[in-house]
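Working notes, beginning with the structure itself.
The values are calculated or read from the model by the stated rules, or taken from the named source; none is laboratory data. Since this is a predicted model, take the numbers as computed values, not measurements. Glycine also receives a Cβ, built like all others from the backbone with ideal geometry; neighbour counts cover every protein chain displayed.
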Amino acid sequence: MRSRDEITFPDWQPEYQAALFETDQQKRRENLYVAEIAIVNRLQALRTSTNGHIERAAIADAIRNLRRLQIETMGYPASAAPEAEDSAQTR
């Protein structure tokens, strides 16, 4: 994981890092919400782009990390994790 100061994707990475590094539970919940919105907005912007495969891969990693954070620190159900959804769809 990169440090706080290394921003490669300024459209969503600051919000993502704020969620990762927040220690206050209520603020983390708010930061997670803001990070998810920033990521969705960026994915929409990348939708028609033929470039951006590196950023899309970084976003996929970020989404997995946010889900893991939600499950491990905030009590979200593990079934909400993308890995669980993927395995359920392949059955």
What helices (runs of 4 or more DSSP H), lying completely within the range 9-91, carry at least 1 residues that are surrounded by 17 or more Cβ atoms within 10 Å (Cβ to Cβ) and either of a type outside the set (Val, Ile, Thr) or modelled with pLDDT of 95 or more (or both)? 13-21, 25-46, 53-74
Residue by residue through the range 5-57, note down the ones that are charged (D, E, K, R), without any contact (Cβ under 8 Å) to a residue 40 or more places away in the chain and under 22 Å from Ile71 (Cα atoms). Glu15, Glu22, Asp24, Lys27, Glu30, Glu36
Considering each of Ile63, Ile54, Ile71 in turn, give the residue that is touching a Pro at 6+ places or on another chain (Cβ under 7 Å) and of a type in the set (A, V, I, L, M). Ile63
